[in-house]
Amino acid sequence: MNASATAPLDITPTGSDYEIVRRVIELITLDYRDQPSLDNLAAQLGRSPTQLQKTFTRWAGLSPKAFLQAVTLDHAKRLLRLDDLPLLETSIELGLSGPSRLHDLFVTHEAMSPGEWKAKGGGLTIRYGFHPSPFGVALVMVTDRGLAGLAFNDVGAEKASFEDMASRWPNASFVEDVEATIPYALRIFESDQWSGDQPLRVVLIGTDFQVRVWESLLKIPFGKAVTYSDLARDIGQPTASRAVGAAVGRNPISFVVPCHRAVGKSGALTGYHWGLTRKRAMLGWEAGKI
């Protein structure tokens, strides 16, 4: 038998590479509260950021930033599970920016009256348009009172996405009007346009219970996540986790009303109406903005 065929594959970094990887892991593990940047890590190790990124990723299988996020998440779960710290104290303990970006997009919201909800959109004109976004094609839907719908789809699935959303308000009048929805798309996906001086106005169209759940979602800080049980307790119905999960799934304003920040009790990413891959992308995008 050929000896090379039975020799174990050596995937261990050697020499200076090994020392770099070992030191990066050590620094991140010890200093995660300071959330060290790639530039900071590189400076401490006397390497260029590009060189450090390539070396660590090649041997560890993920970037220094991804490793930092994994370490931070592990500590976050411990703090929330064992220490029972309030959310604000947890974010400070982890070195993350506090939950003060209300909520990141500076959203203000109102709910339509029960009568308007029962009318299933009767008498309501909803303008819509499709726009590129970091998470695929975004379907933006607006009324005279503000953003009413935000959905996502892959290229070619626009019709199915629209039909899914339109079925929620079957008696409404729908008008394709890209010019009306462009300003909303820019406000939502261009973070340099997030401003407390010009809050993004959202109108919630749903049952009273759904609206309460969606309002609870708006309290979740940027870059954080809560469980369905947390949401149930927040609205004063601690035994209604399953109903809360259903309401989260019916959230018509994805991303802005951040249903992607709701996770299972174990911390696992559970079902997402627009796909788990998109949910992971949203959480990763937010992590990169912190």
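Any residue in the stretch 140-161 that is within 24 Å of A119 (Cα to Cα), modelled with pLDDT of 90 or more, touching a Gly at 6+ places or on another chain (Cβ under 6 Å) and surrounded by fewer than 16 Cβ atoms within 10 Å (Cβ to Cβ)? Within the stretch 140-161 (the criterion being within 24 Å of A119 (Cα to Cα), modelled with pLDDT of 90 or more, touching a Gly at 6+ places or on another chain (Cβ under 6 Å) and surrounded by fewer than 16 Cβ atoms within 10 Å (Cβ to Cβ)), the answer is no, since none of the residues qualifies.
So which of V256, V211 is in contact with a Leu (Cβ under 8 Å, 6 or more places away or on another chain), in a helix (DSSP H, G or I) and among the aliphatic types (A, V, I, L, M)? Don't jump to the end; show me each part of the working.
Values: V256 fails: in a helix (DSSP H, G or I).
One residue alone meets the criteria, V211.
Are any residues in the stretch 259-290 at pLDDT below 80 and part of a loop (DSSP other than H, G, I, E, B), and if so, which ones? Listed by number, the residues that qualify are G264, K265, S266, G267, A268, L269, T270, G271, Y272, I290.
Among what's in the stretch 36-50 and is under 14 Å from F67 (Cβ atoms) and not in a helix (DSSP H, G or I), pick the residue that is modelled with the highest pLDDT. The extreme case among them is S37.
For the stretch 131-168, a tally of residues being part of a loop (DSSP other than H, G, I, E, B) and under 17 Å from the mean Cα position of the chain (by Cα) returns 2.
The values are calculated or read from the model by the stated rules, or taken from the named source; none is laboratory data. This structure is a prediction, so every number in the text was calculated from the model and none was measured. Note: ideal-geometry Cβ built from the backbone for every residue, glycine included; neighbour counts use all protein chains shown.
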